[in-house]
Amino acid sequence: MPVTVQDANIGRLLEPNLISDESDNPFVEIRDTFIITLLYSTGIRRGELVNLKVDDFNLFRKEMRVVGKGNKVRSIPLTEEMIDTYNTYLTGRTEAGFGSNPTLLLTAKGMPIYPRLVHQIVSRKLAPVTSLTKKSPHVLRHSFATHMLDRGADLNAIKEILGHVNLAATQVYTHNSITKLKEAYRKAHPKSENKTH
């Protein structure tokens, strides 16, 4: 079963002021907030995140180009909030002296970010907001898909955004939604056996 962060905790997770190991470095805090927002807002994989280039973002069209498994390219829509976070991050990059690097995400020393560091950032950011044992970038991907489905998004649309080859891979997220639906039914339906008569 996909492990997800509860909806109520996502707001706290996206706050930019959660403690960072390098909180004296403003660029690192901006970058870490951007990474969390990007993973949760788009559902991309860690490997896709690491490989992003600055010019993969098309702000005019409000979309992001992602190279997925098997070098399959897909476009993911961007919200205004995501674009604002992107612009804040680019400003921070420039102020840190890393403006000319074509790789989007960089370390504190201006080198391309690497998968293990992304995992550490996500794990550190998730720690104050969830008791989940697993605190990985994939948890944010699962949370994105589950929360989209809970809000009525089309399963095929989620499949395209996630870059799944077939619908079966995406259908795993319907289980979480059906569990919530059953719970709501059990609590509210007049004929439910758990209702008091």
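The values are calculated or read from the model by the stated rules, or taken from the named source; none is laboratory data. Nothing here was measured: the structure is a model prediction, and the numbers come from that model. Cβ: placed from backbone, ideal geometry, glycine included. Neighbour counts: every protein chain shown.
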_Can you go through E29, E15 and tell me which one is closer than 22 Å to R141 by Cβ and modelled with pLDDT under 95?_
E15
*asked:* Looking at segment 89-105, can you tell me whether even one residue there is within 17 Å of the chain's Cα centre (by Cα), assigned to a helix (DSSP H, G or I) and on the phi < 0 side of the Ramachandran plot?
replied: yes
*For K69, state whether it is exposed (fewer than 14 other Cβ atoms within 10 Å of the Cβ), of a type in the set (K, R) and over 15 Å from I44 (Cβ atoms).*
no
*Return yes or no: is D24 at pLDDT 65 or above and assigned to a loop (DSSP other than H, G, I, E, B)?*
yes
*Selected residue (criterion: surrounded by the fewest Cβ atoms within 10 Å (Cβ to Cβ)) from residues of segment 106-124 that are part of a loop (DSSP other than H, G, I, E, B) and in contact (Cβ under 8 Å) with a residue 60 or more places away in the chain*: Y114
